[in-house]
Structure formats: structure tokens, C-alpha cells
Amino acid sequence: MISPARTAAFEALVAFQRSGVLQVGKCSVKEDQKLAERIAYGVIQNERLLNALLSGFFTSKPHPQVLQIIQLSAFQLLFLDRVPHSAVVNDAVALCKEKGKSFASGFVNAVLRRISREKQQLLDSAKDYPPAVRFSHPDWLVSRLNAAFGPAFTEEFLQANQGQPSITLQVNTSKCGYSELLRLLQESEAVILASDEEQQSFHISGTDVTLLPGYREGFFFVQDGAAHISVRLAQIRENMKVLDVCAAPGGKSIVAALCGGEVLACDVSEKRMQRCRENFQRLGLPITCRVEDACCFYEDHEERFPVVIADVPCTGSGIIRKHPEIRNKKESDLLGLVELQKTILSNVARYVAPGGILLYSTCSVLPEEDELQIRSFLDTHPDYQLLPVSLPEYSCENGMLRSWPQLNGNDGFFAAVLKKT
């Protein structure tokens, strides 16, 4: 019988090639589910390296599904120590037969047995590949990071993206206290990697958070520490009107509401807003939702809000470790997003009340989406000024917040606080 984990991983990879969305189906056994996710995400996370290592094993590219069977099996043989090699090879051959690819079973068997024998030589040879191949990132992204931050720092970032990130739980202080959630997590099977009482947060190992105690009750929400702290920079006070223009899935609106703000959360589609409503309802927060396009001007918003949050669409280059499929984005995607960000920023700047705050943020590490975007905005909007921020755990050069996974364990993230004078 083929391992349910390997079957689920294979089906997820096949679906990913069709849709570009990586989603692993549910396994009935928890350990199978974890292994399936580890394999599927691991293949996408290391796809470029795997293809480079496998290139010497065949003269022409195999059938796409056969290649996926080889990739997921090679990932296990090379990077997962607890999986018996014989089980991996046998399941790969069985998968070929089950999926109507019996013609390739002998070939797959021979390739995988050779990989098993030559594991150490293959891993040693990988050290000679350039960082973009070794860490499976696109050349254009690595080139831009090298130019902005230098090769050594860039390589540290690429390497950090190959790890298994933790999940950050933020306490919903309107319903639950830090000590109460700590007790619930300790009584469950959750593995607490770190906790921070001052920030009211817990870092846990990857798991289905919907199964954790307190989830249905709305005792916590999932949000990276850098995104969380960025909203605090806006200094939201009790009963202050706050507009979140690109709200989904709602994390920043939630923090703003917990700070006492009267929040209007907007996003471009009903589907995205429905996701926000579900989160807000679970947490018991009275946040108003509305479908709006951040690129369009709404007269009833003009100079009405003391705080406007613009967490704009971006390349997601700072969250590649959590979403390895982002590696498939092209440089042309960046150019289009930069223009979209500029449009949103200029538009929503009109919604900020005199003396108010415009909080701009991205989950990107590219200067074109971050510092350069802010400098361009300030050059064309003399009624705004940058409010410098300084936080000990973050890089705050030029008064703008930047987070790096290799420095503080949080996502790659950027935020700038702009004050309307």
C-alpha cells in the first residue's frame, strides 16, 4: 500500500502545476498530513536545486507526472533522514503504476536507487552551485537583492527561506489573557517554540491552528510579529477612526480594533471581504466591512480618517519561506506591482485627515516596492513627511522599518509611517 502522505503530496504537486496554488489535501492520520505537507512544500522550496541535481540522470525530460514522482522521492531521499529509502523507492514505483505510468516504473526505480547510493556526492556537488540555484530562487530576484544588500547578506536571506517557519499566534486581548492562552496551549499538543508576554504572542511549530483550543472561541489570531508591530507604529487611540484599504485577510484591522480604533476594513472583492468578516466574527470584533477598490477615489472618505492603513499588494518576496510558490513570480510582475502601489498610495493619501497618519507596508524586501516607493511619494506629496521609527529588533535605516527572517525570525517586511502636515 502506498503511503497516504506520498499520495497526497503527489496530488498536491500535480494540482500546483495546473493552478499555481499549492494546497495539500487532508490525510486521516496527523503524522501523514505533516509528512505530505513537508514533501509538497519541500519540493517547491527546492525545485530548482532538485532539477539541477537530477539533470545528469536522464537525457530528455520525463513525462510531467513521472518527473513529479521522481522529484518528491528525490526530496525525501536527499533531505528527509527519517524516511526509509526502500519505502520511498517502492512507493514511487507503485505510484507510477497506480497513476497509469507503468512504462516508467523501471526507469524511476533505477534513478531513485542511484540517488540513494550517491546521496552524499550529490549533496556535496550542490555546494558548487550559485546561490540562486542552491537555494532555488529566481535569478532576477537574487540579482536585485545582491545589488541592494550585497551577496553575503542576500545569501543569508535565501538560506533563511529554506527553513520551516513557525506560526505566530497573537492573543485576542478582548476575549482572552496571555496566561489563559498559555495554559490552553500547554494542555494541548501544540509545540511552543517561544513566547512573548510583552507582545502577547506565541511561536508554535507548524500545525492546523483551527484544531487548537481557543480557536473557535476567538482567543487568538495568526499574524507575523513584524506585521503586528507595524500597526502599533500608527499610535491608534481609543475611538479613533481607522481605514484599512487592502484589509484581507484582516490582521491589521484586528490589531487596529484591539488598539481601540473604529475600523472600516475594505478590499477589492466580495470573496476577500468575506474572509475578513469570518475572522472578525470569530474574534468578536465590531469591524465594519465594505467592498472597495483602493485605486478608486471615494468622496465620502476624503480627509476623514486620522489613520489610513495601506498594506498594498506586492511580490511577497519577504514571505517566500511560508509560500514557496512565490519563487515562480517573474520580474515583469514586480514592474506592474510597483505601478499599482504608486496608484494606491497617491489615492488613499487623500483620505487622511490633516495631522493624520498614513501607514504604508508590504511583505516585500525589494527597495523598489519599499524605500524607493516612499521616496517617490514624498517627492510628489509635499504635504506629507516621514515619521522616523526605531525598534531594537528591526532594521530601521532611514527611519523606515524593515524585518528580515535571518535577523529576527519574523517575515521579510517593510513599513513606513507618513504624517499629513
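The values are calculated or read from the model by the stated rules, or taken from the named source; none is laboratory data. If you're wondering where the values come from, they're calculated on a predicted model, not measured in any experiment. Cβ atoms come from the backbone with ideal geometry, glycine included; neighbour counts cover every protein chain shown.
Regarding the range 182-197, can at least one residue be identified that is among the hydroxyl-bearing types (Ser, Thr, Tyr), in contact (Cβ under 8 Å) with a residue 24 or more places away in the chain and closer than 20 Å to Glu331 by Cβ? Working first, answer last.
Keep residues of the range 182-197 that are among the hydroxyl-bearing types (Ser, Thr, Tyr), which gives 188, 195.
Next cut, in contact (Cβ under 8 Å) with a residue 24 or more places away in the chain only: 188.
Among the residues that remain, those that are also closer than 20 Å to Glu331 by Cβ are: none.
Looking for residues that are among the hydroxyl-bearing types (Ser, Thr, Tyr), in contact (Cβ under 8 Å) with a residue 24 or more places away in the chain and closer than 20 Å to Glu331 by Cβ, one finds none in the range 182-197, hence no.
The rows are residues; the columns are (1) in contact (Cβ under 8 Å) with a residue 40 or more places away in the chain; (2) buried (at least 17 other Cβ atoms within 10 Å of the Cβ); (3) farther than 22 Å from Val133 by Cβ; (4) hydrophobic (A, V, I, L, M, F, W, C).
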| position | (1), (2), (3), (4) |
| --- | --- |
| Ala5 | no, yes, yes, yes |
| Gln17 | yes, no, no, no |
| Ala36 | no, yes, yes, yes |
| Phe58 | yes, no, no, yes |
| Gln71 | yes, yes, no, no |
| Leu77 | yes, yes, no, yes |
| Arg82 | no, no, yes, no |
| Ala104 | yes, yes, yes, yes |
| query | From the set of residues in the range 152-163 that are of a type outside the set (A, V, I, L, M, F, W, C) and without any contact (Cβ under 8 Å) to a residue 60 or more places away in the chain, which is nearest to Val365 (Cα to Cα)? | reply | Thr154
| task | Return the residue satisfying two criteria in turn: it lies in the range 196-210 and is assigned to a loop (DSSP other than H, G, I, E, B) and not acidic (Asp, Glu), and of such residues it is nearest to the chain's Cα centre (by Cα). | result | Gly206
| field | All positions within the range 84-97 that are surrounded by 13 or more Cβ atoms within 10 Å (Cβ to Cβ) and over 12 Å from Gln65 (Cα atoms) | value | His85, Ala87, Val88, Val89, Asn90, Asp91, Val93, Ala94
| request: Given the conditions (1) out of contact with any His (no Cβ under 6 Å at 6 or more places or on another chain); (2) under 29 Å from Tyr298 (Cβ atoms); (3) of a type in the set (Phe, Trp, Tyr), report the number of the one that Trp404 does not fulfil. | output: (2)
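Going through Leu391, Leu378, Leu335, Leu418 one at a time, which residue ends up being more than 18 Å from Phe149 (Cα to Cα), buried (at least 18 other Cβ atoms within 10 Å of the Cβ) and either of a type outside the set (Lys, Arg) or over 22 Å from the mean Cα position of the chain (by Cα) (or both)?
Checking each option against the conditions leaves just Leu418.
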| remark: Ser143: passes all of (1) more than 20 Å from Arg38 (Cα to Cα); (2) over 27 Å from the mean Cα position of the chain (by Cα); (3) polar (S, T, N, Q) but (2)
| field | Filtered residue count, the range 346-355, keeping only those that are assigned to a strand (DSSP E or B) and crowded, with 20+ Cβ neighbours inside 10 Å | value | 1
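Can you pull out every residue in the range 384-421 that is in a loop (DSSP other than H, G, I, E, B), touching a Ser or Thr at 6+ places or on another chain (Cβ under 7 Å) and either on the phi > 0 side of the Ramachandran plot or in contact (Cβ under 8 Å) with a residue 12 or more places away in the chain (or both)?
Taking the range 384-421 and keeping what is in a loop (DSSP other than H, G, I, E, B), we get 387-394, 396, 400, 404, 409-412, 421.
Narrowing further to those that are touching a Ser or Thr at 6+ places or on another chain (Cβ under 7 Å): 394, 396, 404, 410-412.
Once the filter is applied, which keeps residues that are in a loop (DSSP other than H, G, I, E, B), touching a Ser or Thr at 6+ places or on another chain (Cβ under 7 Å) and either on the phi > 0 side of the Ramachandran plot or in contact (Cβ under 8 Å) with a residue 12 or more places away in the chain (or both), the range 384-421 yields Tyr394, Trp404, Asn410, Asp411, Gly412.
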| note | So, first residue in contact (Cβ under 8 Å) with a residue 40 or more places away in the chain and polar (S, T, N, Q) in the range 129-151, second residue outside any helix (DSSP H, G or I) and surrounded by 15 or more Cβ atoms within 10 Å (Cβ to Cβ), Cβ within less than 9 Å, six or more apart or across chains; the pairs are Ser136/Asn46; Ser136/Asn161; Ser136/Gln162
| query | Can you find a residue in the range 362-370 that is under 19 Å from Leu145 (Cβ atoms), in contact with a Phe, Trp or Tyr (Cβ under 7 Å, 6 or more places away or on another chain), polar (S, T, N, Q) and in a loop (DSSP other than H, G, I, E, B)? | reply | yes
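Does Asp224 fit the bill of being out of contact with any Pro (no Cβ under 8 Å at 6 or more places or on another chain) and over 26 Å from Asp196 (Cα atoms)? Working first, answer last.
Details: out of contact with any Pro (no Cβ under 8 Å at 6 or more places or on another chain): yes; over 26 Å from Asp196 (Cα atoms): no.
Answer is no for this residue.
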| task | Have a look at Asp244, Asp267 and point out the one that is under 28 Å from Val389 (Cβ atoms), among the acidic types (Asp, Glu) and either in contact with a Lys or Arg (Cβ under 6 Å, 6 or more places away or on another chain) or not assigned by TED's automatic domain parsing to the domain that holds Ala349 (or both). | result | Asp244
| request: Given the conditions (1) under 16 Å from Glu371 (Cα atoms); (2) touching a Leu at 6+ places or on another chain (Cβ under 6 Å), report the number of the one that Ile309 does not fulfil. | output: (1)
| request: Of the conditions (1) part of a strand (DSSP E or B); (2) more than 18 Å from the chain's Cα centre (by Cα), Thr343 clears all except one; give me its number. | output: (1)
